Amino acid sequence: MRVFNYMKTYLVTGGFGFIGSNFIRYVLDNKKDVYIINVDKVTYAANPENLADYSANCKFYKVDIADKTALSKIFIENKIDCVVNFAAESHVDRSIADPGIFIKTNVEGTLNLLELSLKHNVGKFLQVSTDEVYGSLGASGKFSEDTPLSPRSPYSASKASADMLAMAFFHTYNMPVLISRCSNNYGPYQFPEKLIPLVIINALNNKYIPLYGDGKNVRDWIHVSDHVKGICSVLEKGKLGEVYNIGGNSEAENIDIIIYILNKLNKPHSLIKYVKDRQGHDRRYAMDFSRINAETGFLPEYNIEKGIDSTISWYIKNESWWQEILSGDYKEYYKKMYENR
Ligand SMILES: NC(=O)c1ccc[n+]([C@@H]2O[C@H](COP(=O)([O-])OP(=O)(O)OC[C@H]3O[C@@H](n4cnc5c(N)ncnc54)[C@H](O)[C@@H]3O)[C@@H](O)[C@H]2O)c1
């Protein structure tokens, strides 16, 4: 139960994941008038440890957003002011191997949340989306919010579908929907299958670092704390029915990210192992985020070097966090994907 009536209740889905947990920590640290309901299925990517010190003003429901009956009870039991939907299957490689669960969670789950939010008159619904819905760029240009959606992986197709459903609820039912689309995140508590933590951990363990294709795929990297602040800006100042790109101003090739981390850790470049490219691998993403800047003042605070340095320090200090993941169920997947190629 929220303690005071003046408090606003945010229903946050996927709060035990990487970005969701960073968001909840930021909100509880900075907004004393917000009560959080964290709805998480607790998949392989979730870690309750991410919120170990954050039980005050925060309640957890272990619920699958694809289970509408269970989700509905949460909306009946609580007066929800705002929904922020992070819950998703989020790894492109896994979507290539097994797309079905991506449709179930990312599309059907989002539809359930939209329907229940409409039914219970939720004041704001923010769909957390990705630059990957725009497809792939050539050597120049950037994605703006007007770039046509052209998703090319099962993951990005599921996210684009969810965005379109969210926007359909705005247009059809006048529901107060916002969409944020962010570039590639990195930072504390990121599951080690994603590029930056994978490289840091493998380098620390003197294990080889798999690099897809020619290593020249470009991503715009953003520190998760900047993403979280961008989401708060959109929630506070965004126009309903609008999409907001969030970017980090830090375009880099995968190979350069890896070399930077190896140099920082004094590890040899011979740890890099070129592996067969990801199927349908998008070549380049870059974000024009002038809209959020103009309308809310948002600008990322981290440059890529400062962000990666602090992320390396976090993984060194928090070895027990990732050692536990490496020794659990993830071990088999890691072997298949990253060791036995
Ligand atoms: N990681 C990035 O670089 C990035 C960039 C842009 C947008 N996003 C989006 O941000 C959101 C969060 O990404 P992340 O990297 O933190 O993901 P993550 O994989 O680290 O966490 C996802 C969380 O969602 C939960 N979840 C999964 N399926 C669920 C279900 N059916 N019901 C309830 N909970 C469920 C998981 O248990 C986990 O806690 C996603 O929607 C993703 O598409 C991510």
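The values are calculated or read from the model by the stated rules, or taken from the named source; none is laboratory data. Please read these numbers as outputs of a predicted model, since none were measured by experiment. Here Cβ is always computed from backbone atoms with ideal geometry, including for glycine, and neighbour counts include all displayed protein chains. To get the accessible areas, we keep the full protein, side chains included, count just its heavy atoms, and leave off ligands, DNA and RNA. Shrake-Rupley method; radii C 1.70, N 1.55, O 1.52, S 1.80 Å.
Scan segment 289-306 residue by residue and report those that are surrounded by fewer than 17 Cβ atoms within 10 Å (Cβ to Cβ) and either modelled with pLDDT under 95 or in a loop (DSSP other than H, G, I, E, B) (or both). Before you say what the answer is, go through the steps one by one.
Filtering segment 289-306 down to residues surrounded by fewer than 17 Cβ atoms within 10 Å (Cβ to Cβ) leaves 290, 294-295, 297, 299, 301, 303, 305-306.
Listed by number, the residues that qualify are G297, L299, E301, N303.
Just one residue in the set S161, S150 is open to solvent by 10 Å² or more (accessible area, probe 1.4 Å) and not in a helix (DSSP H, G or I); that residue is S150.
Selection of segment 219-239 for residues being surrounded by 20 or more Cβ atoms within 10 Å (Cβ to Cβ) and either free of Cβ contacts under 8 Å to residues at least 60 places away in the same chain or not in a helix (DSSP H, G or I) (or both) yields R219, D220, W221, I222, H223, G238. Total residues in segment 1-48 satisfying the condition of being part of a helix (DSSP H, G or I), open to solvent by 10 Å² or more (accessible area, probe 1.4 Å) and under 19 Å from S225 (Cβ atoms): the figure is 8.
Between I80, I76, the distinction of being modelled with pLDDT of 95 or more and surrounded by fewer than 16 Cβ atoms within 10 Å (Cβ to Cβ) belongs to I76 only. The residue that is farthest from G14 (Cα to Cα), among those in segment 100-128 that are open to solvent by 10 Å² or more (accessible area, probe 1.4 Å) and in a strand (DSSP E or B), is K124. The sole residue among P188, P192, P210 that is open to solvent by 10 Å² or more (accessible area, probe 1.4 Å), not in a strand (DSSP E or B) and not small (G, A, S) is P188. Just one of the listed residues (A160, A97, A139) is free of Cβ contacts under 8 Å to residues at least 40 places away in the same chain, small (G, A, S), more than 14 Å from the ligand (Cβ to nearest atom) and on the phi < 0 side of the Ramachandran plot, and it is A97. Once segment 258-288 is narrowed to residues that are of a type in the set (A, V, I, L, M) and out of contact with any Leu (no Cβ under 7 Å at 6 or more places or on another chain), the residue that is surrounded by the fewest Cβ atoms within 10 Å (Cβ to Cβ) is I259.
Of the residues in segment 240-252, at least one is in a strand (DSSP E or B), under 30 Å from A139 (Cα atoms) and of a type in the set (D, E).
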